[in-house]
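Student: The following block contains the structure, expressed as structure tokens.
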Amino acid sequence: MLSLKSPAKINLFLRIIRRRPDGYHELASLFQAIDLCDEIRIAVAEDSAHDLFTCSDPTLPTDSSNLVIKAVELFRRKTNTTKKFSIHLKKQIPQQAGLGGGSSNAATTLWALNALCGHHATESELSAWGSEIGSDVSFFLSNGTAYCTGRGEILLPLDPLKNSALWVIKPHEGLSTPQVYGKLKVEELSGRDPEEALASFLSGSPTYFNDLEQPAFSVMPRLALLKQQLLDAGFSDVLMSGSGSSFFCMGDGAMPPLSRCKVFKAQFLNRSCHTWY
Ligand code: C5P
């Protein structure tokens, strides 16, 4: 039996480049794993005719629409194994938050199944397989810091950044990723050069931006007020993560009382090659 952390991610910057003919968007983003984690327990279900999957959160489906089950089915297809698995997912990462919780669960499941079956696939094979079930899955098979392009599945692995303490704020209301992408207006994109942004991060003078903030604010106007409230509280950097609705804040501010939000303390998380987070 394996018991593994399944971490969340934030996007330190997120630049949307263009809409592609297949409906996805070309992006360029610096992804960072953080120590806000779910936990996944997995074992081979000896003598079972089917997978057994339970989840601590009763609002999450446990059928084949769950990315954990998609990952199990993908792994069986790719490796021709007929083994069945028993899996329990203990959720802590909020949903519809832009924190990649479902994608992380899928990546963690792929890594765990590979370990249980003898490590026959390489981490880069797992990463390529993961992109078939979600744009963010590949990232979680990196070391925890990566510059991601394409749909998000093309990775430039980076050395860990200087660790930063941060707050994650998740409003009770979530946001649907396709809905936020659907509100994107080309004229509202930042036009920033993502490679320059990456170079600034690597040289220790980060600038945080997210081209999905404006579309998310138009879906949920309360988010713009929340961002201002966090800036007024003295945080130097306040940014929505991914397609929202969560924010992360860094710097010396004092967390104000926030209505209808969950607040988490977190820090950057990285892993070494061949060990999980
Ligand atoms: O790949 P994934 O299933 O996570 O994507 C969910 C949805 O997010 C897609 O159906 C698409 O609407 C949107 N998306 C996008 N461009 C990306 C990633 C996601 O438009 N690069």
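No lab work stands behind these numbers, since they all come straight from the coordinates. Every value quoted in this text rests on a predicted model; they were computed, and no experiment measured them. As a convention, Cβ positions derive from the backbone with ideal geometry for all residues, glycine included, and neighbour counts pool all protein chains shown.
Student: Run residue 104 past the list (1) in contact with a strand residue (DSSP E or B) (Cβ under 6 Å, 6 or more places away or on another chain); (2) in contact (Cβ under 8 Å) with a residue 24 or more places away in the chain; (3) away from the ligand (no atom under 16 Å from the Cβ) and report the number of the one that doesn't hold.
Tutor: For residue 104, the exception is condition (3).
Student: Does residue 192 satisfy the criteria of being in contact (Cβ under 8 Å) with a residue 12 or more places away in the chain and over 26 Å from residue 251 (Cβ atoms)? Step through it out loud before you land on a result.
Tutor: On the way: in contact (Cβ under 8 Å) with a residue 12 or more places away in the chain: yes; over 26 Å from residue 251 (Cβ atoms): no.
No, not satisfied.
Student: Picking from 230, 166, 226, which residue would you name as being touching a residue at least 40 places away in the same chain (Cβ under 8 Å), under 26 Å from residue 37 (Cα atoms), away from the ligand (no atom under 16 Å from the Cβ) and in a strand (DSSP E or B)? It would help to see each step written out before you state the result.
Tutor: Working: 230 fails: in a strand (DSSP E or B); 226 fails: in a strand (DSSP E or B).
Among 230, 166, 226, only 166 is touching a residue at least 40 places away in the same chain (Cβ under 8 Å), under 26 Å from residue 37 (Cα atoms), away from the ligand (no atom under 16 Å from the Cβ) and in a strand (DSSP E or B).
Student: If you scan the stretch 72-84, which residues turn out to be of a type outside the set (Lys, Arg), within 24 Å of the chain's Cα centre (by Cα) and surrounded by 15 or more Cβ atoms within 10 Å (Cβ to Cβ)? Show your work before the answer.
Tutor: Just the residues of the stretch 72-84 that are of a type outside the set (Lys, Arg), to begin with: 72-75, 79-82.
In the following step, the residues that additionally are within 24 Å of the chain's Cα centre (by Cα) were identified as 72-75.
Selection gives 72, 74, 75.
Student: Separate question: Which one is nearest to residue 276 (Cα to Cα), of the residues in the stretch 21-30 that are within 12 Å of the ligand (Cβ to nearest atom), touching a residue at least 12 places away in the same chain (Cβ under 8 Å) and not acidic (Asp, Glu)?
Tutor: 29
Student: Right, another one. From the list 208, 181, pick out the single residue that is more than 14 Å from the ligand (Cβ to nearest atom), within 21 Å of residue 16 (Cβ to Cβ), in contact (Cβ under 8 Å) with a residue 60 or more places away in the chain and not β-branched (Val, Ile, Thr). First the steps, then the outcome.
Tutor: Values: 181 fails: more than 14 Å from the ligand (Cβ to nearest atom).
After ruling out the rest, the residue left standing is 208.
Student: Please tell me if residue 165 is more than 30 Å from residue 45 (Cβ to Cβ), within 18 Å of the chain's Cα centre (by Cα) and either surrounded by 17 or more Cβ atoms within 10 Å (Cβ to Cβ) or not aliphatic (A, V, I, L, M) (or both). Write out each step before concluding.
Tutor: On the way: more than 30 Å from residue 45 (Cβ to Cβ): yes; within 18 Å of the chain's Cα centre (by Cα): yes; either surrounded by 17 or more Cβ atoms within 10 Å (Cβ to Cβ) or not aliphatic (A, V, I, L, M) (or both): no.
For residue 165, the condition - more than 30 Å from residue 45 (Cβ to Cβ), within 18 Å of the chain's Cα centre (by Cα) and either surrounded by 17 or more Cβ atoms within 10 Å (Cβ to Cβ) or not aliphatic (A, V, I, L, M) (or both) - is not met.
Student: Could you grab me the full set of residues in the stretch 241-277 that are in a loop (DSSP other than H, G, I, E, B), surrounded by fewer than 20 Cβ atoms within 10 Å (Cβ to Cβ) and of a type in the set (A, V, I, L, M, F, W, C)?
Tutor: Answer for the stretch 241-277, where residues must be in a loop (DSSP other than H, G, I, E, B), surrounded by fewer than 20 Cβ atoms within 10 Å (Cβ to Cβ) and of a type in the set (A, V, I, L, M, F, W, C): 254, 255, 258, 273, 276.
Student: Let me ask something else about it. Kindly indicate the residue of the stretch 121-148 that is buried (at least 18 other Cβ atoms within 10 Å of the Cβ) and farther than 16 Å from residue 100 by Cα and also nearest to the ligand (Cβ to nearest atom) among those meeting that condition.
Tutor: 129
Student: Among the residues of the stretch 50-63, are any free of Cβ contacts under 8 Å to residues at least 40 places away in the same chain, in contact with a Cys (Cβ under 8 Å, 6 or more places away or on another chain) and away from the ligand (no atom under 16 Å from the Cβ)? Spell out how you get there, then give the answer.
Tutor: From the stretch 50-63, those free of Cβ contacts under 8 Å to residues at least 40 places away in the same chain are 50-63; that's our starting set.
Checking the rest, the ones that are also in contact with a Cys (Cβ under 8 Å, 6 or more places away or on another chain) come to 62.
Right, trim to away from the ligand (no atom under 16 Å from the Cβ) and you get 62.
Taking every residue of the stretch 50-63 in turn, at least one turns out to be free of Cβ contacts under 8 Å to residues at least 40 places away in the same chain, in contact with a Cys (Cβ under 8 Å, 6 or more places away or on another chain) and away from the ligand (no atom under 16 Å from the Cβ).
Student: So, one more: From the residues in the stretch 149-162 that are in a loop (DSSP other than H, G, I, E, B) and within 16 Å of the ligand (Cβ to nearest atom), which one is surrounded by the most Cβ atoms within 10 Å (Cβ to Cβ)?
Tutor: Start the filter on the stretch 149-162 by keeping residues that are in a loop (DSSP other than H, G, I, E, B), which leaves 150-153, 158-162.
Filter once more, so that each one left must be within 16 Å of the ligand (Cβ to nearest atom): 150-153.
Numbers: 150: 17, 151: 17, 152: 27, 153: 19.
The residue in question is 152.
Student: Look at residue 200 and say whether it is in a helix (DSSP H, G or I), of a type outside the set (Val, Ile, Thr), in contact with a Ser or Thr (Cβ under 9 Å, 6 or more places away or on another chain) and surrounded by fewer than 17 Cβ atoms within 10 Å (Cβ to Cβ). Steps first, please.
Tutor: On the way: in a helix (DSSP H, G or I): yes; of a type outside the set (Val, Ile, Thr): yes; in contact with a Ser or Thr (Cβ under 9 Å, 6 or more places away or on another chain): yes; surrounded by fewer than 17 Cβ atoms within 10 Å (Cβ to Cβ): yes.
Taking the combined requirement at face value, the residue satisfies it.
Student: Within the stretch 50-94, track down each residue that is out of contact with any His (no Cβ under 9 Å at 6 or more places or on another chain) and among the hydroxyl-bearing types (Ser, Thr, Tyr).
Tutor: 59, 62, 64, 65, 81, 82, 86
Student: Next question. Show the residue pairs that are 6+ apart or on different chains and have beta-carbon atoms under 9 Å apart, the first residue being within the stretch 129-141 and part of a loop (DSSP other than H, G, I, E, B), the second being of a type in the set (S, T, N, Q).
Tutor: The qualifying pairs are 131/138; 133/103; 134/103; 135/103; 136/103; 136/104; 141/124; 141/127.
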